Amino acid sequence: MCKFVTLKLFCSNAPCQITIYNDNNQVIKTCTVNTCCATINVCTAGCTLRILAQYQAQTIYRLISLGCCFCQTICTSFIFTPLTTINVTLTDRNYGFPILNANLNFQANQ
Amino acid sequence: MANYDILITNGTGSAMMEPGSYAVTATNAPGYELTSLQPTSYTVSSGAQTAAFTLAANGTLTINFNETGAAGGTPITSGTVVMTDSTGETQYGSVVNIAENGVAIFENVPYGTAEAGYTLYFKQLTSDENHNPYQSVFTVGMGAQTQTEYIQNTPIAVEQNVTLTDANYSGMPIQSASLNFAANA
């Protein structure tokens, strides 16, 4: 059982929402990394932490296996790509009026 | 990179996206051919930007302009009509001429189902010299790929000068009377 693990979290973009889950998928800590780096002391019942970092619409999951030891310090970074706001217009090609309801899918090219 | 689904409401939508190149498809657009989307690729760069897409439909609406607003009425012989918004203030597409048989045809219009038609609005701009154009914006619910509608154009009133004289004393005008003219069915 791990106790009092210190996490040093780095996010490339702020504010970055961090949620830390234990082995039982219970939330044991949440925080906001506003200054690119945060230090969190967590007390967990398991030896594996699952960390979810969210920036805008992006989410990064990371599993950290702590082993069975005390007083560890773990450093981890979450690198997010800056997002761009896209405003989309969709009109009728023949008449030019706005189309009331539709869904467009953007599939990233590899 | 991630994939993004953008919901379009009344012609617009937005999303936060990673820069890069994307293939774009229409996954839902009632009344339209999904494969008609243009363009089908888009590149997101840094900084806010606007992406313009179009869809096309393949419905056909035939509007008959006549004196009864129903099948069989005497047609007008010329005029113009245009698609508009619900207020009639904004026109969409080109003005369509009404033919000699009173018919105007709108091609490539979106359509829905009999239960949920695609609502379109039209405004008649002109009629022939003998008829009044329909005064209001009229609504068409396109419930099938081809549809026919009838719009009434009433005849323009022509001033009539009437004389009424005594049958026994030729030339003597009757001082006061009322005559009723009932149209023959």
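What does a probe at B:VAL137 reach in the range A:82-110, counting residues whose amide N is under 18 Å from the point 7 Å along Cα→Cβ?
Counting only backbone N, you get A:92, A:95-101.
Which whole number gives the average count of other chain Cβ atoms within 10 Å of the Cβ atoms across peptide B:47-53? Mind dumping the intermediate values first?
Working: counts 2, 4, 5, 5, 7, 5, 8.
Across B:47-53, the average partner-chain Cβ count within 10 Å equals 5.
How much length, in nm to one decimal, is gained on full extension between B:ASN97 and B:ALA114, taken as 0.36 nm per residue of separation minus their Cα-Cα distance?
Values: separation 17, 0.36 × 17 = 6.12 nm, distance 2.76 nm.
In short, 3.4 nm is gained.
How much length is gained if the chain between B:SER45 and B:ASN28 is pulled fully straight, taking 0.36 nm per residue apart and subtracting their Cα-Cα distance, in nm to one decimal? Spell out each step's value before the answer.
Values: separation 17, 0.36 × 17 = 6.12 nm, distance 2.57 nm.
Here the segment from B:SER45 to B:ASN28 would lengthen by 3.6 nm.
Can you tell me the Rg and the Dmax, both Å, for the Cα atoms in chain B?
Cα-based Rg and Dmax for chain B come out at 26.3, 102 Å.
So who's got an amide H within less than 5 Å of the one on A:ALA102, skipping anything under 5 residues away but keeping other chains? H placed 1.01 Å off N, in plane.
Here B:ILE8 satisfy the definition.
Calculate one ³J(HN,Hα) per residue across the range B:122-138 by plugging θ = phi - 60° into the Karplus curve 6.51 cos²θ - 1.76 cosθ + 1.60, and present them in order as whole Hz with x for glycine and proline.
9, 9, 7, 8, 9, 10, 7, 5, 9, 9, 8, x, 4, 7, 9, 5, 10
Gap in Å between the Cα centre of the range B:113-128 and the Cα centre of the range B:55-109?
8
Through the Karplus equation 6.51 cos²θ - 1.76 cosθ + 1.60, θ set to phi - 60°, convert the phi angles of the range B:58-70 into ³J(HN,Hα) values in whole Hz; use x for Gly and Pro.
Using θ = phi - 60°, the values come out as 10, x, 10, 10, 10, 10, 9, 9, 8, 6, 10, x, 8 Hz.
Would you mind giving the mean number of other chain beta-carbons within 10 Å of the Cβ of each residue in A:75-88, as a whole number?
Neighbouring Cβ atoms belonging to other protein chains average 6 per residue here.
Please list, in chain and number order, the residues 5+ apart from A:THR84 or on another chain whose amide H is under 5 Å from its amide H, with Hs placed from the backbone.
Close amide H contacts, sequence-distant or interchain: B:MET17, B:GLU18.
Once phi is turned into θ = phi - 60°, what whole-Hz ³J(HN,Hα) does the Karplus curve with 6.51, -1.76 and 1.60 give for every residue of the range A:99-104, x standing for Gly and Pro?
Per residue, the Karplus-derived 3J(HN,Hα) values read 7, 5, 9, 6, 10, 10 Hz.
Given a Förster distance of 35 Å, report the FRET efficiency between A:SER12 and A:ARG93 from their Cβ-Cβ distance, rounded to the nearest 0.05. Write out the running numbers ahead of the final one.
Working: r = 41 Å, r/R0 = 1.16.
Rounded to the nearest 0.05, the efficiency is 0.30.
Using only the alpha carbons of the protein assembly as shown, what is the convex hull's orientation-averaged projected area in square nanometres?
Numbers: hull surface 104.5 nm².
Quarter of the Cα hull surface area: 26.1 nm².
Enumerate the amide H contacts of B:HIS131 below 5 Å, restricted to partners 5 or more residues apart or on another chain; note that Pro and chain-start residues carry no placed amide H.
For B:HIS131, the qualifying residues are B:ILE156.
Which value in nm describes the separation of the simple spin-label points at B:GLN38 and A:ALA108, placed 7 Å from the Cα toward the beta carbon?
3.0
Given points 7 Å out from each Cα along the Cα-Cβ axis, report the B:TYR169 to A:SER65 separation in nanometres with one decimal.
Inter-label distance under the simple model: 12.6 nm.
Round to the nearest 0.05 the FRET efficiency obtained for B:GLN160 and B:GLU107 when R0 = 45 Å and r is the Cβ-Cβ distance. Present the calculation step by step, with values, prior to reporting the outcome.
Details: r = 43 Å, r/R0 = 0.95.
It comes to 0.60.
Where both partners of a DSSP beta bridge lie in the protein assembly as shown, what percent of those bridges are antiparallel, to the nearest 5?
Working: 74 of 95 bridges.
If I count the DSSP bridges inside the protein assembly as shown, around 80 percent turn out antiparallel.
No lab work stands behind these numbers, since they all come straight from the coordinates. Quick caveat, the model's predicted, so the values are computed rather than measured. No Cβ is skipped: glycine too gets one built from the backbone with ideal geometry, and neighbour counts run over all protein chains shown.
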